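The values are calculated or read from the model by the stated rules, or taken from the named source; none is laboratory data. Not measured: the values here are computed from a predicted model. As a convention, Cβ positions derive from the backbone with ideal geometry for all residues, glycine included, and neighbour counts pool all protein chains shown.
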Amino acid sequence: MKKLIILLAVMMINTSLSMAQVVESAKTIRNKVADYAKKQGMAIELVSEQALTMTTDDSEYVLIVNGENPTYVELRFADLDITARNYDLMLKTANHINQGSSVVKASITPNRTTLRLSTEMFAFDAQSVTEHFEHYINLINQSLKECRERYDEFAANLQFSGLKMPFEVYCADIINADANANRLSEINGEIKSAETQYIHIGLSLTVHEDGEYPIDVRFCNPDGTFAISEENAEFSFSTTMKLTKDMTFYDLGGWGSATPGSLKPGIYRYELYYKGKLFYTRGFEVQ
C-alpha cells in the first residue's frame, strides 16, 4: 500500500513538473504567435504586451491575450466600419451569424459604428493557439463573407417587409446539387461554373397559417433576362409549398441542367412570386 501511495505521489510531482514546463506567460504566447504569423506571410505590429495586429494584403486581424494559466486568447478580424450601413439590418446580420456559429461571435460596438467578428479560447502555451490558428482565421473569413452576403440579402428584401402573407421568409440559402438533390457544394459556398448542375434555393421561414401556397420562380441571368423552359413563359418554373406552422425550412427546388457547366460565371438571382407579387429575391455568384 505504501509503495502505491509513493508511486502516485511521484506521478503527481512529475505531472506538475510537466505542466510547469509547458505553461507560458501571456506575453510569451503573444510573441510566439507573432513569429508564427510572420512565417505565414503576415505583417506584424506589436501593439502592447496584450495585443498585436497581423496584416495580409487585404485583411487585418487582431490577437489579444490576457491573464495567466490559462491565458485568455481572442483572435478577431479588425473592426469593420458600419456607419454607412442600416443599423437594424446590421444587427439582424450579427444575430444571424451568432445563431449559426458556436465558434465565431459577431457583435456591434455600443456606439453602433463597428462590427466585430472574433473567436475566443484559453491556452497554456502558444502551440495550443498556433495549431488552430489557420482554422480560426478561415472561420472568421467565412463569417465575414456571410455577413456581407446576408446584409446585402436583407437590404434587398427590406422593400417587402410590409407585405401581408401567410408565411414570412427570413433568409434564403443557395446550393449546387445534382439531379437527385445530392449536394455538390457547401450551403452558400463557392459555386464553380464547370461544376454547376441544379442551383437549389432553400427558404428559412416562419409559417403563420397552414396551407398550400403556389409559388412562381424566376431564375435571372447575369444579363437581366430570366431562364424559361417554354417559349413566352412568364416564369422559369412554378411549385406549390405545402406548409405547416411547425416548419422552419423549405427547399423550393432548383434550376439548371444535369450536364455540368451549364451556367457561365456571373451574378445570378432568384425572384420569388406569390399571387403575382414579388416577395423575395436572392442573388448569388457563379465563379
**Message:** Among the residues that make up region 223-230, is at least one of them among the polar types (S, T, N, Q), surrounded by 14 or more Cβ atoms within 10 Å (Cβ to Cβ) and either touching a Leu at 6+ places or on another chain (Cβ under 7 Å) or farther than 22 Å from residue 170 by Cα (or both)?
**Reply:** no
**Request:** Could you check, for region 177-189, whether at least one of its residues is among the hydrophobic types (A, V, I, L, M, F, W, C) and within 14 Å of residue 272 (Cα to Cα)?
**Result:** no
**Message:** Return the residues of region 178-225 that are within 23 Å of the chain's Cα centre (by Cα), within 16 Å of residue 265 (Cβ to Cβ) and assigned to a loop (DSSP other than H, G, I, E, B); say none if nothing qualifies.
**Reply:** 185, 189, 190, 191, 192, 196
**Message:** Every residue in region 190-216 that is surrounded by 15 or more Cβ atoms within 10 Å (Cβ to Cβ) and under 21 Å from residue 259 (Cβ atoms), please.
**Reply:** 191, 192, 195, 196, 197, 198, 199, 200, 201
**Prompt:** Could we say that residue 93 is within 26 Å of residue 157 (Cα to Cα), polar (S, T, N, Q) and in contact with a helix residue (DSSP H, G or I) (Cβ under 6 Å, 6 or more places away or on another chain) here?
**Reply:** yes
**Request:** For region 66-82, name all the residues that are over 17 Å from residue 130 (Cα atoms) and either modelled with pLDDT of 95 or more or touching a strand residue (DSSP E or B) at 6+ places or on another chain (Cβ under 7 Å) (or both).
**Result:** 78, 79, 80, 81, 82
**Scan of region 143-174 for residues that are over 22 Å from residue 94 (Cα atoms) and either in contact with an Asp or Glu (Cβ under 8 Å, 6 or more places away or on another chain) or in a helix (DSSP H, G or I) (or both), ordered by number** = 166, 167
**Fill in**
So the strands (runs of 3 or more DSSP E) completely within region 52-142 holding 2 or more residues that are over 16 Å from the mean Cα position of the chain (by Cα) are 60-66, 71-81, 114-123
**Single condition residue 147 does not satisfy, out of (1) of a type in the set (A, V, I, L, M, F, W, C); (2) under 30 Å from residue 214 (Cβ atoms); (3) touching a helix residue (DSSP H, G or I) at 6+ places or on another chain (Cβ under 7 Å)** = (2)
**Message:** Only one of 193, 185, 229 is of a type in the set (S, T, N, Q), closer than 30 Å to residue 143 by Cβ, outside the structural domain of residue 139 (by TED's automatic domain parsing) and at pLDDT below 95. Can you tell me which?
**Reply:** 185
**Prompt:** In the list 219, 249, which residue meets the criterion of being buried (at least 18 other Cβ atoms within 10 Å of the Cβ) and not assigned by TED's automatic domain parsing to the domain that holds residue 100?
**Reply:** 219
**Request:** Tell me, yes or no, whether region 234-241 has at least one residue that is within 18 Å of residue 271 (Cα to Cα), among the small types (Gly, Ala, Ser) and exposed (fewer than 14 other Cβ atoms within 10 Å of the Cβ).
**Result:** yes
**Subset of region 37-80 (residues that are among the acidic types (Asp, Glu) and closer than 17 Å to residue 140 by Cβ)** = 57, 58, 60, 74, 79
**Message:** Could you check region 115-152 and list, in sequence order, the residues that are of a type outside the set (A, V, I, L, M) and either at positive phi or in contact with a Phe, Trp or Tyr (Cβ under 9 Å, 6 or more places away or on another chain) (or both)?
**Reply:** 116, 118, 119, 120, 122, 128, 130, 133, 141, 143, 149
**Request:** Select from region 30-43 the residues that are surrounded by 15 or more Cβ atoms within 10 Å (Cβ to Cβ) and more than 28 Å from the chain's Cα centre (by Cα) and list them in ascending order.
**Result:** 31, 32
